[in-house]
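Every read-out reported here was derived from the displayed coordinates using simple, explicitly stated rules and does not represent laboratory data. Every value quoted in this text rests on a predicted model; they were computed, and no experiment measured them. Note that each Cβ is placed from the backbone with ideal geometry, even for glycine, and that neighbours are counted across all protein chains shown.
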Amino acid sequence: MVAPLHSDNSASLADGDSIADLFDRNLEWARGKTQSDPDFFARLVGQQSPRYFWVGCSDSRVPATEIVDLDPGEMFVHRNIANLTPVSDINFNAALLFAINVLRVRHVLVVGHYGCGGIRAARSAVSNDAIGAWLTPVRALCWQHRGILHALPNEPARDDRLCELNVVHQVDQVCANPLVRQAWQDGRELSVHGLIYAIGDGLLRRVCNPVSRPGAARADSCSEDVNDEHIL
Ligand code: ZN
């Protein structure tokens with residue numbers, strides 16, 4: 001095993017290496033974890049057994065485990081720009097398959113966030129690069145709900161509403177995914193949740209009711225905080 005790095009023994013790194021500080025932070029973090037829980041890392045080496053599969057945005061302000069105060073090993077995470085769940089995406093499908101069939105998670109959490117740059121980009125200029133192609137489904141969603149969005153008073157309100165509508169749409173896609181439908185057909189307990197995170201106050205809120213069986217009602221636009229719910 002390679003020795004851990006910190007600023008005192010990182011001579012092999014080029015001067016001015018911009019990630020040297022991360023090794024120091026990593027060392028302090030590992031020490032702190034070991035001090036508060038001497039068996040912490042030994043337990044993790046064995047097997048991960050998370051109950052949750054988090055599908056969130058890649059935005060650096062929305063760190064999955066940190067905002068729900070979970071430790072490593074407690075949540076399986078997949079992130080991409082604008083928290084999309086396309087059945088055609090092999091990366092997402094592989095993560096979903098592993099979460100459901102190997103880890104046997106009980107909850108799939110689709111988590112959007114207000115102020116999402118991906119959602120904002122989908123409403124503005126159309127580009128032909130990889131980001132533009134990735135966000136094509138969001139542009140379609142924007143067009144589908146143009147009446148609702150145009151009725152709102154300003155652009156930030158339209159962006160926020162599209163963030164919520166996108167979460168609902170992604171929840172629907174997860175519920176229609178063959179992996180999820182097979183799990184339900186097999187009688188597995190599996191719930192799909194649509195949540196949204198507000199960077200401004202650090203709180204998660206529900207966007208729609210959870211779905212735990214095929215054809216279950218999914219009421220749109222719930223807004224209650226989920227801090228007192230039982231999923232987390
Ligand atoms: Zn985002």
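By other beta-carbon atoms within 10 Å, ranking Y114, Y52 with the fewest at the front produces Y114, Y52.
Segment 151-201 and segment 56-95 have Cα centres spaced 13 Å apart. Each of N91 and I199 was given a label point 7 Å from its Cα along the Cα-to-Cβ line. The distance between the two points is 2.0 nm. Label positions at R51 and K33, each projected 7 Å from the Cα along the C-beta direction, are separated by 2.1 nm.
Each residue of segment 134-146 was assigned a 3J(HN,Hα) from its phi angle through the Karplus expression (A = 6.51, B = -1.76, C = 1.60, θ = phi - 60°), giving 4, 8, 3, x, 6, 5, 5, 5, 4, 5, 4, 10, 4 Hz with x at Gly and Pro.
Please get the size of the charge dipole for the chain, origin at its Cα centre, with Cβ charges of +1 on Lys and Arg and -1 on Asp and Glu, quoted in debye to the nearest 20.
Its charge dipole is roughly 1020 debye.
Simple rule: put +1 on each Lys or Arg Cβ and -1 on each Asp or Glu Cβ in the chain, find the dipole, and look at I81, L96, P156; the Cα lying farthest toward the positive end is L96.
Distant-in-sequence amide contacts of H113, defined by a placed amide H-H separation under 5 Å and a gap of 5 or more residues or a different chain, comprise Y197.
Evaluated at q = 0.08, 0.12, 0.15, 0.17 Å⁻¹, the base-10 log of the normalised Debye intensity for the chain, with identical point scatterers placed on the Cα atoms, takes the values -0.36, -0.76, -1.07, -1.24. Karplus-derived 3J(HN,Hα) values for segment 202-213, using 6.51 cos²θ - 1.76 cosθ + 1.60 with θ = phi - 60°, are x, 10, 8, 9, 6, 9, 8, 5, x, 10, 10, 7 Hz; glycine and proline are entered as x. Grab the beta carbon distance between F98 and Q144, set R0 = 25 Å, and tell me the FRET efficiency rounded to 0.05. The computed FRET efficiency comes out at 0.20.
Full extension from A133 to A176: what is 0.36 nm times the residue separation minus their Cα-Cα distance, to one decimal in nm? Mind showing how you got there, number by number?
Values: separation 43, 0.36 × 43 = 15.48 nm, distance 2.22 nm.
Computed gain between A133 and A176 is 13.3 nm.
Determine the relative contact order of the chain: mean sequence separation of Cα pairs under 8 Å and six or more apart, normalised by residue count, in whole percent. Present the calculation step by step, with values, prior to reporting the outcome.
Details: 326 pairs, mean separation 37.5, N = 232.
Relative contact order comes out at 16 percent.
One decimal place: the segment A42-E74 gains 10.0 nm when fully extended, by the rule 0.36 nm per residue minus the C-alpha distance. Each of W54, W134 was scored by other Cβ atoms within 10 Å of its Cβ. Arranged with the fewest first, they read W134, W54.
In order along segment 67-75, the phi-based Karplus estimate (6.51 cos²θ - 1.76 cosθ + 1.60, θ = phi - 60°) of 3J(HN,Hα) comes to 6, 10, 6, 10, 8, x, x, 9, 8 Hz; Gly and Pro are listed as x.
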